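Shown next, in structure tokens, is the structure this report addresses.
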Amino acid sequence: MLKQEEKGCIVNTSSQGGITGFPGQAAYIACKHAIIGLTRTASIDYAAQGIRINAVLPGVILTPMAKDIIKRNPAMEEAMVRDIPKGRLGEPYEIAHAVMWLCSPYATFVDGAAISVDGGFTIH
Ligand SMILES: NC(=O)c1ccc[n+]([C@@H]2O[C@H](COP(=O)([O-])OP(=O)(O)OC[C@H]3O[C@@H](n4cnc5c(N)ncnc54)[C@H](O)[C@@H]3O)[C@@H](O)[C@H]2O)c1
């Protein structure tokens, strides 16, 4: 973007695990926390050049990755849904919509944010 003298918008993918812990997943959780730190720092570094940098924090979303986990352990879906106030898992388009909003003219003052899209999971 800088090379082409363009303004722009970057959206990093963290996770609900970026602001919570999860047993046995230290490396994944550490990476997802780090993505938020990277987002915040980079957003400061590039704000003056007109590049906005934000992060989305998906909850459990029915992508091939999550479907595969559920397929191997069907009881897990019920357990996961129990902790989501919205009462269901998320759909990929619901993350896409958040990303589209962050990149849209409606979010021009949103910078360095970590936006949870998790059906309320991280309210607890
Ligand atoms: N699905 C969830 O419940 C969930 C929850 C929180 C965060 N996330 C995050 O969302 C992101 C996407 O997860 P997903 O559920 O869609 O996973 P997924 O496994 O369903 O899809 C990942 C995609 O990334 C591609 N990919 C993998 N390595 C790549 C590489 N080096 N270069 C280019 N493409 C590559 C794969 O081919 C695949 O299409 C991940 O960062 C994941 O941590 C997912």
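The values are calculated or read from the model by the stated rules, or taken from the named source; none is laboratory data. Owing to the predicted nature of the structure, the values given are computational and were not obtained by experimental measurement. Glycine also receives a Cβ, built like all others from the backbone with ideal geometry; neighbour counts cover every protein chain displayed. When the accessible area is computed, the model is the full protein with side chains, heavy atoms only, and any ligands, DNA or RNA have been set aside. Shrake-Rupley method; radii C 1.70, N 1.55, O 1.52, S 1.80 Å.
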Looking at this structure, is residue 40 open to solvent by 80 Å² or more (accessible area, probe 1.4 Å) and in contact (Cβ under 8 Å) with a residue 24 or more places away in the chain?
yes
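The rows are residues; the columns are (1) within 15 Å of the ligand (Cβ to nearest atom); (2) at pLDDT 95 or above; (3) of a type in the set (S, T, N, Q); (4) assigned to a loop (DSSP other than H, G, I, E, B).
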| residue | (1), (2), (3), (4) |
| --- | --- |
| 1 | no, no, no, yes |
| 6 | no, no, no, yes |
| 10 | yes, yes, no, no |
| 20 | yes, yes, yes, yes |
| 24 | no, yes, no, yes |
| 28 | yes, yes, no, no |
| 40 | no, yes, no, no |
| 44 | no, yes, no, no |
Under the condition of being touching a strand residue (DSSP E or B) at 6+ places or on another chain (Cβ under 8 Å) and not hydrophobic (A, V, I, L, M, F, W, C), which residue from the range 80-95 is least open to solvent (accessible area, probe 1.4 Å)?
90
Expected output for the range 93-113 (first residue over 18 Å from residue 48 (Cβ atoms) and within 15 Å of the ligand (Cβ to nearest atom), partner hydroxyl-bearing (Ser, Thr, Tyr) and outside any helix (DSSP H, G or I), Cβ below 9 Å, 6+ apart or cross-chain) is 95/13; 95/63; 99/13
Of all residues in the range 63-82 being in a loop (DSSP other than H, G, I, E, B) and over 22 Å from residue 31 (Cβ atoms), which is farthest from the ligand (Cβ to nearest atom)?
74
Among 68, 83, which is free of Cβ contacts under 8 Å to residues at least 12 places away in the same chain and acidic (Asp, Glu)?
68
